[in-house]
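The values are calculated or read from the model by the stated rules, or taken from the named source; none is laboratory data. As the structure is a computational prediction, the values presented were derived from the model and not from experiment. Glycine also receives a Cβ, built like all others from the backbone with ideal geometry; neighbour counts cover every protein chain displayed.
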Amino acid sequence: MGLFGSFIAKFSRSKATIEDLDEFKRVLIEADLGVKLSEEIIEIVKKEKSENLESAITATLQSFLSDKPRSIVLENTHLTTILIVGVNGTGKTTSAAKLAHYFKSRGKKVLLVAADTFRAAAVEQLSTWGSRIGVDVVVGKDGADPAAVCFNGASRAKENGIDVLIIDTAGRLHTKSNLMDELAKVRRVVEKVTPINEVLFVLDGTTGQNGIAQAQIFSESVPLTGMIVTKLDGSTRGGTALATEKTIGVPLKFVGTGESIEDFKEFDATSYIGELLT
């Protein structure tokens, strides 16, 4: 059963007691919705008649989500460039590979760039994924300037008629301002060759409120256009994704639900809310 299902069923039968509301609030906070959003939902439960409760909560959850476009519209005659940003350990590099597979399976010519030059393992990981899915990967030497690797990748993409260029940046800790400055440098260098159409932040669905803080600081360094939420499988209740979108106003665009290359899909807001309510 979803996050709200059992409580909606209970509150629809009888008026919620103070103990019921306290328990519901605890569940919401533990699901990483945060205190503020949890209290907004509790207020709805207090005010609404039992027969209107589900529709009222549905409307509130929908209001938490951004009304910005969730799909990535590819340039018909030009290169579409996507920057993947986020913190180490979130599934960022795997998400870059999954996104490449997503576009390749739809008939697009895709090129990956391994710009996480500080971690040899990240470059190796993306190269391995590239071999599996049949997508070329641009790499540099260990410790190479990430901006230079990105410049080479962007130039190669334009020269070879690539449809989608996906750049996997270093997994920068949001507390390292010098690394965040470097991310801004990567963006400037790439845009000398081609416009950046999307900047997707990879959010670990299990990180709780820390994920919101990470997203906020990344958005201050580079204009985020969307998010990919990872690890949103059966063990995750999804509150972080909802709370992050509500806080920074950046739409979730893709969801990673497992380790397989196929465990990746477009974010469906209606389905997501429906799963929380059932």
Applying the selection to region 42-61, what residues are over 19 Å from residue 271 (Cα atoms) and either without any contact (Cβ under 8 Å) to a residue 24 or more places away in the chain or not small (Gly, Ala, Ser) (or both)? 42, 43, 44, 45, 46, 47, 48, 49, 51, 52
Taking the conditions exactly as written (of a type in the set (Lys, Arg), in contact (Cβ under 8 Å) with a residue 12 or more places away in the chain, under 22 Å from residue 272 (Cβ atoms) and touching a helix residue (DSSP H, G or I) at 6+ places or on another chain (Cβ under 8 Å)), does residue 15 satisfy them or not? no
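Conditions (1) in contact with a strand residue (DSSP E or B) (Cβ under 7 Å, 6 or more places away or on another chain); (2) of a type outside the set (Asp, Glu); (3) assigned by TED's automatic domain parsing to the domain that holds residue 229, marked per residue:
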{"position": "128", "(1), (2), (3)": "no, yes, yes"}
{"position": "133", "(1), (2), (3)": "no, yes, yes"}
{"position": "142", "(1), (2), (3)": "no, no, yes"}
{"position": "146", "(1), (2), (3)": "no, yes, yes"}
{"position": "152", "(1), (2), (3)": "yes, yes, yes"}
Pick out, from region 131-219, the strands (runs of 3 or more DSSP E) lying fully within it that include 2 or more residues that are of a type in the set (Asp, Glu). 198-204
Among what's in region 81-98 and is of a type outside the set (A, V, I, L, M, F, W, C) and in a loop (DSSP other than H, G, I, E, B), pick the residue that is surrounded by the fewest Cβ atoms within 10 Å (Cβ to Cβ). 89
Just checking, does region 99-117 include any residue being in contact with a Cys (Cβ under 7 Å, 6 or more places away or on another chain), hydrophobic (A, V, I, L, M, F, W, C) and crowded, with 16+ Cβ neighbours inside 10 Å? yes
If you go through 120, 144, 213, the only one that is in contact with an Asp or Glu (Cβ under 7 Å, 6 or more places away or on another chain), surrounded by fewer than 21 Cβ atoms within 10 Å (Cβ to Cβ) and over 20 Å from residue 81 (Cα atoms) is 120
Picked from region 204-256 (must be acidic (Asp, Glu) and at pLDDT below 85), the residue nearest to residue 98 (Cα to Cα) is 233
